[in-house]
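Structure, as structure tokens:
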Amino acid sequence: MRPDDISLVISLCRARAGLKVSAEKTYLIESRLAPVARRENFASIPDLLAAIRTRREEPLIWGVVEAMTQGESAFFRDRAPFDAFRNEIYPALSRARGGEPVRVWSAACAGGQEIYSLAMVVEMMRAEDPSVRVELAASDISARALEKAQSGLYSQFEVQRGLPIRLLIKHFEKTDDMWRLSPKIRRMVRWRRLNLIAGLGAVGRWDVVFCRNVLSGLEAPYQKKVLEDLTLALPEDGVLVLGAKETAEAAGDAFSPMAGQPGFYRRNPAFRAAAAA
Amino acid sequence: MKTCLVVDDSRVIRKVARRILEDLGFEIAEAADGMEALAWCRAAMPDAILLDWNMPVMGGLEFLRKLRAEPGGDAPVVIFCTVENDAAHIEEALEAGADEYIMKPFDGDIIESKFAEVGL
């Protein structure tokens with residue numbers, strides 16, 4: 001790739017999604033954009049980028065940005081957060097809400113594995129205690145990712161990443177080469193296309209926000225912005241869940257880590273985001 | 001060190017699985033069919049067994065049923081690893097006492113994830 005092509009990709013990703021793309025990772029850019037070029041009927045990635053330069057068409061630009069946002073995804077990734085939700089976070093919040101539903105949002109849900117893992121956990125919790133009430137929602141910047149997530153269709157490879165075999169048998173049905181999640185679990189989730197850096201004023205209140213392995217992919221100023229905006233979406237006792245290797249440091253004292261729950265953060269009630277002032 | 005018996009009639013598969021499992025810290029023994037595997041288990045029960053389905057002499061399912069009937073045969077964690085990838089086969093394996101199930105083809109991540117699933 002030519003240096004000016006690489007810088008075009010970097011600047012588009014930054015401007016549209018706050019995404020951090022490293023110029024050294026040419027192989028990553030190429031492997032993500034080759035399918036976009038093919039899909040849009042260009043002979044090569046440089047042809048695709050040349051068209052973006054001259055025509056500035058939004059669908060093409062978003063095709064590039066969306067392709068660069070794709071991350072790794074697995075069912076029950078890191079496992080511990082799902083156990084913590086079931087055993088600690090849900091019971092405490094449910095008591096505090098007096099039986100009203102606990103609202104959970106998976107921000108940047110990619111292929112849907114995280115929110116569906118939560119849905120399967122909630123289904124298990126309900127089997128033990130029918131009074132369990134959870135509302136589940138998921139969002140992503142990528143229309144293609146949302147489409148895939150909503151389809152509930154996963155390859156044999158994908159269903160073997162983190163999903164216990166008994167849950168596969170219980171909740172999925174084999175169709176040709178793919179496995180399809182049951183309508184019962186799929187219907188538990190509401191979906192929304194959302195660009196996290198575009199402001200979270202209209203997302204409503206969420207008791208638990210899973211935002212794992214998202215911030216670390218953003219440029220520093222956007223990490224701060226998204227964290228500060230998230231304080232508006234969380235009630236005082238709300239919980240933010242970050243990735244195993246992430247922290248909320250970018251937003252100063254807006255969040256503080258919860259003792260004994262790695263990756264779990266509580267909003268600092270004294271903190272007021274600029275937007276709220 | 002934990003031990004894992006790799007049971008598969010393909011030498012190539014045994015070699016690939018051995019390499020992945022050794023990286024995960026297992027000591028590996030190999031068997032080419034269920035009968036050989038049963039002889040291994042009678043001599044020394046492994047901690048885990050990675051088990052193919054279709055093999056000459058004795059297949060994986062018959063081996064598993066015989067193993068679970070052996071003294072101490074309920075101890076090893078058994079993970080099927082087979083090209084059989086439909087719900088009926090998976091259910092049959094679980095009913096016979098399998099703990100997890102890998103559908104071939106597999107890679108290091110899948111093996112690692114499945115062994116973590118069963119607590120190894």
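Rounded if a/c is under 1.5, else prolate if a/b is larger than b/c, else oblate: which is the range A:146-237, with a ≥ b ≥ c the root eigenvalues of its Cα gyration tensor?
Prolate shape, in that a/c is at least 1.5 and a/b is the bigger ratio.
Between B:ALA116 and A:ALA51, what FRET efficiency follows from the Cβ-Cβ distance if R0 is 45 Å, with the result rounded to 0.05?
That gives a FRET efficiency of 0.50.
I need the peptides A:65-78, A:2-15 ranked by packing, meaning the mean over residues of other C-beta atoms within 10 angstrom, with the highest value on top.
Those peptides, ordered most packed to least, come out A:65-78, A:2-15.
Indicate the gyration tensor shape class of the range A:123-277 (rounded, prolate or oblate), computed on the Cα atoms with a ≥ b ≥ c the square roots of the eigenvalues: a/c under 1.5 is rounded; otherwise a/b larger than b/c is prolate and the rest oblate.
Working: a/c = 2.04, a/b = 1.72, b/c = 1.18.
Prolate.
By how many nm would the segment from A:LYS170 to A:ALA270 lengthen if fully extended, with 0.36 nm per residue of separation less the alpha-carbon distance?
Details: separation 100, 0.36 × 100 = 36.00 nm, distance 4.51 nm.
Fully extending the segment from A:LYS170 to A:ALA270 adds 31.5 nm.
Within 10 Å of each Cβ of B:106-113, how many other protein chain Cβ atoms are there on average?
That average works out to 3.
Shape call for the range A:13-91 from the C-alpha gyration tensor, a ≥ b ≥ c root eigenvalues: rounded (a/c under 1.5), prolate (a/b greater than b/c) or oblate?
prolate
Could you pull out which residues in the range A:170-205 have an amide N less than 17 Å from a spot 7 Å beyond the Cα of B:ALA87, following the Cα-Cβ vector?
Inside the label zone: A:170-187.
Go through the range A:253-260 residue by residue and turn each phi into a ³J(HN,Hα) via Karplus (6.51, -1.76, 1.60, θ = phi - 60°); whole Hz please, and just put x for glycine and proline.
9, 5, 10, 10, x, 7, 4, x
Between B:ALA75 and B:SER10, what length in nm is gained on full extension when 0.36 nm per residue of separation is reduced by their alpha carbon distance?
20.8 nm
Can you give the FRET efficiency to the nearest 0.05 for A:SER7 and A:SER182, using r as the Cβ-Cβ distance and R₀ = 51 Å?
According to the calculation, E is roughly 0.65.
What is the distance in Å between the Cα centres of the range A:33-68 and the range A:161-201?
So the separation of the two Cα centres works out to 28 Å.
Between the helical axis of A:3-17 and the dominant principal axis of chain A, each derived from Cα atoms, what acute angle in degrees is found, rounded to the nearest 10?
Tilt relative to chain A: about 30 degrees.
On alpha carbon coordinates alone, what is the Rg over Rh value for the range B:4-60, Rh being the Kirkwood radius?
Answer for the range B:4-60: 0.94.
Let's test this: bin the Cα-Cα distances of the protein assembly as shown at 20 Å from zero up to the farthest pair and state each bin's percent.
24, 48, 26, 2
Over the whole of A:58-71, what's the average partner chain Cβ count within 10 Å per residue? Rounded to a whole number, please.
0
Read phi for every residue in the range A:77-84 and hand back ³J(HN,Hα) as whole Hz from Karplus 6.51 cos²θ - 1.76 cosθ + 1.60, θ = phi - 60°, with x for Gly and Pro.
For the range A:77-84, the Karplus curve yields 4, 6, 6, 3, x, 6, 5, 5 Hz.
Tell me, what ³J(HN,Hα) does each residue in the range A:93-102 have, in order and in whole Hz, if you take phi through Karplus 6.51 cos²θ - 1.76 cosθ + 1.60 with θ = phi - 60° and put x for Gly and Pro?
3J(HN,Hα) across the range A:93-102, in whole Hz: 5, 4, 4, 5, 8, x, x, 5, x, 8.
Go ahead and estimate [θ] at 222 nm for the protein assembly as shown from helices alone: -39,500 (n - 2.57) per DSSP H run with n ≥ 4, summed, over the residue count, rounded to 500.
Computed mean residue ellipticity for the protein assembly as shown: -12500 deg cm²/dmol.
Using Cα centres only, tell me the gap between the range A:217-277 and the range B:79-100 in whole Å.
43 Å
Please list the three semi-axes, largest first and in whole Å, of the ellipsoid equivalent to the range B:3-117, using sqrt of 5 times the eigenvalues of its alpha carbon gyration tensor.
18, 17, 14
We did not get these values from a lab; they are worked out from the coordinates using the rules stated. Note that the structure is a prediction, hence the values are computed from the model and not measured. Every residue, glycine among them, receives a Cβ derived from its backbone with ideal geometry; neighbour counts consider all protein chains shown.
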